[in-house]
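Here is the structure we will look at.
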Amino acid sequence: ARVNADVVGLYDSARLQNPTLGGSASTWADLDAAATKALKAAGRKVVLTNTVLSPSLKRAINSYCAAHGAEHVQYDAVSYRAIREIAAADFGRNEFPTFDFSAADAVVTLGADFMGTWADSLRYASDWASRRRPEAGSMAKLFAFESTLSLTGSNADHRSMVTPADTGRVAAALLAELTGGSGASGLDARIKAAVAVAAKALKKAGSKGLVVSGSNDIHVQRLVGAINRALGAEGATIKWTGNQMFAGDHGALAALTADMKAGKVASLVLHACNPAYNAPDAAGFSAGLGKVAFSVSTALFVDETASRCSAVAPTHHWLESWGDLQRASGSIELMQPTIAPLFSSREAGE
C-alpha cells in the first residue's frame, strides 16, 4: 500500500521543481557555490541519513566525508539499536540478525509484531506462513505476549495480554524455565502458566526455537539473547548474513542534536530523513537546526526539516532514479528508473 501511494508523490504538485537557497528558488550553480563556501568553515561537519542500503550511495557519502573532514550519522525513526548492540555483545556480530521463521518449530514473541510492522515483517510473514500448512504434517507453534492486539497476536496459538512493564519479567521467567534458574517475580498466576507452556514448547523445539522482542530496551534484549543462546538457535533460526538493515544509532543522533544546540556544527547535509518530525527529540533537533551555520536537505518536498534548512537540493523521485541496494552480503539488487526526471532535481549521490 505504501509503494502504491508513493507513486502519487511522483506527480505531486508540492514537489520542489528547483533547488532553493534561503527559502527562495535558486540554481544549482548558486547552491554549489554556497555549499563550497560553507564547507570551508571551522566546526563539525555531518551527513545525516536513515539507514543507507545503497553501496554506491555509501561510497559517495564516504568520499564526501573524506574530502571535507565530515562524518556520517545514521538514525531510524523506529530504532532497533538494542538488538544490534546485543548481537555485537553476545554473538560478536555488529549487524541485525536474520531471523529465519521458516526454520522454527516454536516461536515466542514479546511484543514484536513480526507479521505486521516489526523489522523485516514482509519476509517474516512469508517465512512463517510456510510453517503453517497442515498438509506438511506438522505446524509450528506461536506464543504471543503483548500489550495491544497485533496482527501477529491475532494469529498466535496462545496469546497473553501483559503490560509493557512486564515484558522484561516474562523474558526473565522464560529464561528461568529453560535454564532452571529462579523465576521472575511480579507476574500473576495466569501469565506464569502461559510462560510455562511456551517454555515447554521451546524446550521441545531446541535449536528450532526462537524468541523475539519488539522492545528497544537493551536489558530486555539481553534476556532474549540469553534465551536464544540457551536454545542453540544460532545457525538455525538466527543467522548472520551481513544484514545491512537498521543501522541507525539514536545515541549518535542525540549527541549530534546536543552539538547543534551548542552551535558546534558548521554544516549539515540531510538525505532521505525528516528528523524535525520523527526524531526522538524532534523539538530539540528543530531548535538546534537553527544554530547550524549551513544546512541542506535533499528532500523532494519542503517538509518539517527542509523548511528549516539553509538550502534544499531536491533529489530525484525513486521512480526517476538509477540505484542499487544491498540488504545482505552476497548480492546487490539494481534499480532503474521508469521515467526521466520531471524537474530540475539531482541524484543525492551526485
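The values are calculated or read from the model by the stated rules, or taken from the named source; none is laboratory data. Remember, predicted model here, so these are calculated numbers, not experimental data. Every residue, glycine among them, receives a Cβ derived from its backbone with ideal geometry; neighbour counts consider all protein chains shown. Quick note on the areas: whole protein, heavy atoms, side chains included, nothing else; ligands and nucleic acids left out. Shrake-Rupley method; radii C 1.70, N 1.55, O 1.52, S 1.80 Å.
Taking the criterion of being in contact with a Pro (Cβ under 7 Å, 6 or more places away or on another chain) and surrounded by 14 or more Cβ atoms within 10 Å (Cβ to Cβ), would at least one residue in the stretch 10-20 satisfy it? Quick ask: steps written out before the conclusion?
Step one: of the stretch 10-20, the residues in contact with a Pro (Cβ under 7 Å, 6 or more places away or on another chain) are 16, 19.
Those left that are additionally surrounded by 14 or more Cβ atoms within 10 Å (Cβ to Cβ): 16, 19.
So far as the stretch 10-20 goes, yes, one or more of its residues are in contact with a Pro (Cβ under 7 Å, 6 or more places away or on another chain) and surrounded by 14 or more Cβ atoms within 10 Å (Cβ to Cβ).
Look through the stretch 39-72, keep the residues that are within 17 Å of the chain's Cα centre (by Cα), in contact (Cβ under 8 Å) with a residue 60 or more places away in the chain and open to solvent by 40 Å² or more (accessible area, probe 1.4 Å), and return whichever of them is nearest to Asp259 (Cα to Cα).
Among those residues, the one meeting the criterion is Asn50.
Is it the case that Ala276 is surrounded by fewer than 17 Cβ atoms within 10 Å (Cβ to Cβ) and in a helix (DSSP H, G or I)? Even if it seems obvious, please write down each step before you answer.
On the way: surrounded by fewer than 17 Cβ atoms within 10 Å (Cβ to Cβ): no; in a helix (DSSP H, G or I): yes.
So Ala276 does not fit the description; no.
State all residues of the stretch 85-102 that are open to solvent by less than 30 Å² (accessible area, probe 1.4 Å) and either at pLDDT 95 or above or not in a helix (DSSP H, G or I) (or both); if no residue qualifies, say none.
Initial filter on the stretch 85-102 (open to solvent by less than 30 Å² (accessible area, probe 1.4 Å)): 86-87, 95-101.
Selection gives Glu95, Phe96, Pro97, Thr98, Phe99, Asp100, Phe101.
Please go through the stretch 279-315 and pick out each residue that is under 16 Å from Gln17 (Cα atoms), of a type in the set (Gly, Ala, Ser) and part of a loop (DSSP other than H, G, I, E, B).
Scanning the stretch 279-315 gives Ala299, Ala313.
Tell me, yes or no, whether the stretch 285-300 has at least one residue that is more than 23 Å from Leu31 (Cβ to Cβ) and in contact with a Lys or Arg (Cβ under 9 Å, 6 or more places away or on another chain). If you could, list the steps in order and put the result at the bottom.
First, pick out the residues of the stretch 285-300 that are more than 23 Å from Leu31 (Cβ to Cβ): 287.
This time we only want the ones that are in contact with a Lys or Arg (Cβ under 9 Å, 6 or more places away or on another chain), so: 287.
Yes, some residue in the stretch 285-300 is more than 23 Å from Leu31 (Cβ to Cβ) and in contact with a Lys or Arg (Cβ under 9 Å, 6 or more places away or on another chain).
Given the criterion modelled with pLDDT of 95 or more and either farther than 30 Å from Ser102 by Cβ or of a type in the set (A, V, I, L, M, F, W, C) (or both), identify the matching residue among Lys203, Lys261.
Working: Lys203 fails: either farther than 30 Å from Ser102 by Cβ or of a type in the set (A, V, I, L, M, F, W, C) (or both).
Just a single option satisfies the conditions, and that option is Lys261.
Consider the stretch 246-273. How many of its residues are in contact with a helix residue (DSSP H, G or I) (Cβ under 6 Å, 6 or more places away or on another chain) and either closer than 12 Å to Ala306 by Cα or open to solvent by less than 20 Å² (accessible area, probe 1.4 Å) (or both)?
4
Find the strands (runs of 3 or more DSSP E) located wholly in the stretch 120-221 whose residues include 2 or more that are free of Cβ contacts under 8 Å to residues at least 12 places away in the same chain and more than 30 Å from the chain's Cα centre (by Cα), and list them. Even if it seems obvious, please write down each step before you answer.
Values: elements: 141-146, 158-161, 209-213.
By residue number, no strands (runs of 3 or more DSSP E) qualify.
Counting only residues that are buried (at least 22 other Cβ atoms within 10 Å of the Cβ) and either closer than 20 Å to Ala38 by Cβ or among the polar types (S, T, N, Q) (or both), how many does the stretch 279-291 have?
At the first step, the residues of the stretch 279-291 found to be buried (at least 22 other Cβ atoms within 10 Å of the Cβ) are 279, 285, 288-289.
Filter once more, so that each one left must be either closer than 20 Å to Ala38 by Cβ or among the polar types (S, T, N, Q) (or both): 285, 288-289.
Counting residues in the stretch 279-291 that are buried (at least 22 other Cβ atoms within 10 Å of the Cβ) and either closer than 20 Å to Ala38 by Cβ or among the polar types (S, T, N, Q) (or both) gives 3.
Would you point out the residue of the stretch 103-118, among those that are open to solvent by 20 Å² or more (accessible area, probe 1.4 Å) and among the hydrophobic types (A, V, I, L, M, F, W, C), that is nearest to Lys204 (Cα to Cα)?
If we filter the stretch 103-118 for residues that are open to solvent by 20 Å² or more (accessible area, probe 1.4 Å), which is where we start, we get 103, 105, 111, 113, 115-117.
Filter once more, so that each one left must be among the hydrophobic types (A, V, I, L, M, F, W, C): 103, 115.
Working: Ala103: 14, Met115: 24 Å.
Per the criteria, the residue is Ala103.
If you take the residues of the stretch 292-313 that are under 20 Å from Gly69 (Cα atoms) and more than 21 Å from the chain's Cα centre (by Cα), which of them is most open to solvent (accessible area, probe 1.4 Å)?
Per the stated criteria, the residue is Ala293.
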